[in-house]
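Asker: Just passing along the structure, written as structure tokens.
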């Protein structure tokens, strides 16, 4: 079903670990899609009569797309420059109820892929609903400058803190509202500045000083 003016998309992040994904196409665009899928832990099959070197771990099928190639697939990307092939892939995916992205053709896609900035587990995704991939790309480039690698470090830092302190809070039966206030106070610290300056220990000590108050009945 083609999207019409005014339709909107529901943003979501997919867990593709161990899931079968199929990429139809063998050019540079297909290679980038395979790279992203493999980075997300997907089991990727690439189908094309000719293709450039693909990322390690992908299953390579060097032939034309055939009916039945989507058996067992969770997600499909069609990245060929052949409209007939792309339409055939999209039709089979829709018939089988499989998520499908036809590159740069939102009308034949059930999923559109955003422009993405990754900093470890910190991920920003930008979409124009398929209206202007070029604008989405420009916005991504601006965000790449604004959000540096330290944001990935910050996520790891906060994850470790939560892993340590949330079980203690639950054991002490500290109310959710008090815990939330403590984490908000932690985020008010200049954590990014300290991490940029290589002062991770200072950041940890300052954060834990705040979090200890919860255990000391100061909430």
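Every number in this text was worked out from the coordinates using simple rules, so none of it is lab data. It should be emphasised that the depicted structure is a prediction, and the values quoted were computed from it without experimental measurement. We place every Cβ from the backbone using ideal geometry, glycine too, and count neighbours over all the protein chains shown.
Asker: Which percentage, to the nearest 5, of the DSSP beta bridges contained in the chain is antiparallel?
Answerer: The antiparallel fraction comes to roughly 25 percent.
Asker: Using a 10 angstrom cutoff on alpha carbons, build the Gaussian network for the chain and name the most mobile of 78, 132, 109.
Answerer: Looking only at 78, 132, 109, the largest GNM fluctuation is found for 132.
Asker: Let me ask you something else. Give the order of 100, 155 when sorted by the count of other beta carbons within 10 angstrom, beginning with the fewest.
Answerer: Listed from fewest to most nearby Cβ atoms, that is 155, 100.
Asker: For 164, 45, which order do you get if you count the other beta carbons within 10 Å of each Cβ and list the fewest first?
Answerer: Final ranking by Cβ density, sparse to dense: 164, 45.
Asker: Remind me, what semi-axes does the chain give for its equivalent ellipsoid, largest first in whole Å, using sqrt of 5 times each Cα gyration tensor eigenvalue?
Answerer: 43, 18, 18
Asker: Counting only Cα atoms, I'd like the Rg/Rh figure for region 140-203, Kirkwood definition for Rh.
Answerer: Rounded to two decimals, Rg/Rh equals 1.07.
Asker: Okay, moving on. Which FRET efficiency value, to the nearest 0.05, is calculated for residue 135 and residue 63 with the Förster distance at 25 angstrom and r the Cβ-Cβ distance?
Answerer: For residue 135 and residue 63, the calculated efficiency is 0.10.
Asker: What ranking do 59, 98 get, fewest neighbouring Cβ atoms within 10 angstrom at the top?
Answerer: Result, fewest neighbours first: 59, 98.
Asker: Report the gain in length on full extension from residue 126 to residue 208: 0.36 nm times residue separation, minus Cα-Cα distance, nm rounded to one decimal.
Answerer: Fully extending the segment from residue 126 to residue 208 adds 26.1 nm.
Asker: Evaluate the Kirkwood expression for the hydrodynamic radius of region 11-113, namely the inverse of the mean inverse distance over all pairs of different C-alpha atoms, and round to one decimal in Å.
Answerer: It is 13.2 Å.
Asker: Right, another one. Per 0.36 nm of contour for each residue apart, how much would the distance between residue 104 and residue 84 grow if the chain were fully extended, relative to their Cα-Cα spacing?
Answerer: 5.7 nm
Asker: On a full-extension model of 0.36 nm per residue, what is the gain between residue 158 and residue 17, subtracting their alpha-carbon distance, rounded to one decimal in nm?
Answerer: Between residue 158 and residue 17, full extension yields an extra 48.4 nm.
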